[in-house]
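The values are calculated or read from the model by the stated rules, or taken from the named source; none is laboratory data. Note that this is a predicted model, so its numbers are computed, not measured. Note: ideal-geometry Cβ built from the backbone for every residue, glycine included; neighbour counts use all protein chains shown. Quick note on the areas: whole protein, heavy atoms, side chains included, nothing else; ligands and nucleic acids left out. Shrake-Rupley method; radii C 1.70, N 1.55, O 1.52, S 1.80 Å.
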Amino acid sequence: MEINLLYSGVNALILLLILSSPYKIIQKPIDFGSLNLLPTTDTASTDFGRLQFNPPASVLKPKTPEDISLLLSFLSSSSFSQVSVSARGAGHSIHGQAQALDGIVIDMGSLPLEIKVHKNGEMESGLSYVDASGGALWIEVLKETMKVGLAPRSWTDYLYLTIGGTLSNGGISGQTFKHGPQIANVLELDVVTGKGEMVTCSPTKSSELFYAVLGGLGQFGIITRARIPLQQAPKKVRWQRAFYDDFETFTKDQELLISIPELVDYVEGFVVLNEQSLHSSLVAFPAHLEFKPEFVRNGRFKVYYCVEFAIHVNQVEIIHVEKVVKEISRMLSYMQSHLYSVEVSYLDFLNRVSMEEESLRSKGLWEVPHPWLNMFVPRSGIKKFMNFLMESLSPNEFEGPILVYPLLSDKWNTNASIALPRAIETGKERVMYVVGVLRSVNPTVCKMDCLNQILHEHHQIAQAASRPHIGARQYLAHHRSRNDWHEHFDSKWTRFAERKAQFDPLHILAPGQGIFPRVTVDLQE
């Protein structure tokens, strides 16, 4: 059978010869028609986690979504190549999920930055929304939409992430209890599938692909544009922090706060494990705290907790906000005299983690290994999980925040690919917690053996927590075998595999996730 490469000329043949040898690194740029295939870079071989270093054979810097389609169409039509492809946005993955060993990494930041705001007065639907390219950063979207007094409803804590990246995973923060994750706040997508097909999809158009890519870990397609609904952006935010010395009281108050979404706009929380965790949490919180916890009591470590919540403030509502804060304060059971309040701009509040980034960069502690562990834990298992987690930690040595805050199941669409705890998927429980062990490792103190020990401990925690007595699921998951992925997706596995067969049958996309091995099909058979 004659193979139709779809593209003529010597360039296609050169590319085919290179790609058919998975161990050959491209040394010079290749002009494959309009494609800008370049030699590999250190950036394409690493990520924020700094745990995996897998160099690709080449990096594609697309000028248009059509460039991505051209590449994937070629690979999916070739019986010779075993090359895989990963889309890389901001590179904020932890375990090499956006890497492609001996394959091709697509630099999504090379796509033209396109952010176009549509106000409700201009639209027949009456809904305001923004169309943003898949490689755009959320901070860029925020700044552009705020020019007209609007903003997306759902966020991540860190804004220097790409639209396509967070929508491929989930996208959660303190607004999730009220508006759902970012993957539940999408009206329409442009996607290039693993077969190179360019598809515009929505809940009513090509809906199977739409829901597949949302939380789909990059397995089914590459998001090149997203349409995100907008709301009025508040002028300021009243930001509150309350401290606790008892975990059950801490979670009880968090659940109270998420039960009054008509009053509260944001709810998170974190563990105050040591002096470092207390001081690092104050970098972005511009208030003087009189909280001086006693971390060692009677020879034993004492752990504290902080609930933080926020209320949007508009100029006409200042008096109303004061009343709301007092009303909420009376409901809570925090440690006496340890409720603190500041008022900041909406932009500064959403971009608060960038201040922590600047602080860590100044200390040389940003570009270091980050053996993070993120878990979704059903309410019924959160106390057991936290007890198990705290037993595995050394409070005086731990660096980094431990986030703990509740989410609501009815804000998630189960058609999306993301895996949630079984108790949440089945509707048995309505509340689940996200626990983020966001550890930083100073390589001058913690060498490779130390780092490997942390990774081993996190693996054991995740494995134990996924058993029925806790019933947790990893978020931003990393698993070591296909069987582990099967267990991760649980009842969703069959649908997940069927979607893979439909949209990326040769398993070209996202090899760094380690879910599906690359498939080669002999087109002459």
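Data table
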{"read-out": "Rough spin-label spacing in nm, given labels placed 7 Å along Cα→Cβ, for THR43 and SER380", "value": "4.8"}
{"read-out": "0 to 90° range, to nearest 10: angle between helix 382-392 axis and the chain longest Cα axis", "value": "80"}
{"read-out": "Selection of GluC sites (Glu not before Pro), the range 292-349, meeting DSSP coil and at most 16 other Cβ within 10 Å", "value": "GLU294"}
{"read-out": "Net lengthening on full extension, THR204/ASN298 (0.36 nm per residue, minus Cα-Cα)", "value": "27.7 nm"}
{"read-out": "Accessible area of THR494 in the full protein assembly, 1.4 Å probe (Å², nearest 10)", "value": "90"}
{"read-out": "Computed FRET value (nearest 0.05) for GLN231 with GLU327, which takes r as the C-beta separation and R₀ as 22 Å", "value": "0.40"}
{"read-out": "Accessible surface, 1.4 Å probe, highest first, among residues LYS195, LYS292", "value": "LYS292, LYS195"}
{"read-out": "Contour excess over end-to-end distance, with Cα ends at GLU66 and ARG518 and 0.36 nm allotted per residue", "value": "160.4 nm"}
{"read-out": "Exposure of ASP348 as accessible area (Å², to 10), given a probe of 1.4 Å and all protein chains", "value": "90"}
{"read-out": "Label corresponding to semi-axes √(5λ) of the Cα gyration tensor in Å when calculated from the structure given, among (i) 141, 37, 21; (ii) 39, 30, 22; (iii) 40, 26, 21", "value": "(iii)"}
{"read-out": "Those Cys residues of the chain for which no other cysteine Cβ falls under 4.7 Å", "value": "CYS201, CYS306"}
{"read-out": "Contact order relative to length of the range 142-186, as percent, for alpha carbon pairs under 8 angstrom and 6 or more apart", "value": "37"}
{"read-out": "Degrees, to the nearest 10: 493-503 long Cα axis against longest axis of the chain", "value": "40"}
{"read-out": "Efficiency of FRET from Cβ geometry, ASP410 and ASN483, R₀ 30 Å, rounded to 0.05", "value": "0.45"}
{"read-out": "Paramagnetic reach from ALA497 in the range 409-447 [backbone N under 12 Å; point 7 Å along Cα→Cβ]", "value": "none"}
{"read-out": "Packing rank of 460-468, 169-177, 446-454, 495-503, where each peptide gets the mean count of other beta carbons within 10 Å, highest leading", "value": "169-177, 495-503, 460-468, 446-454"}
{"read-out": "Probe 1.4 Å, all protein chains present, accessible-area order of HIS95, HIS456, largest first", "value": "HIS456, HIS95"}
{"read-out": "Pairwise FRET efficiency - MET335 versus LYS147, Cβ, R0 = 45 Å, nearest 0.05", "value": "0.60"}
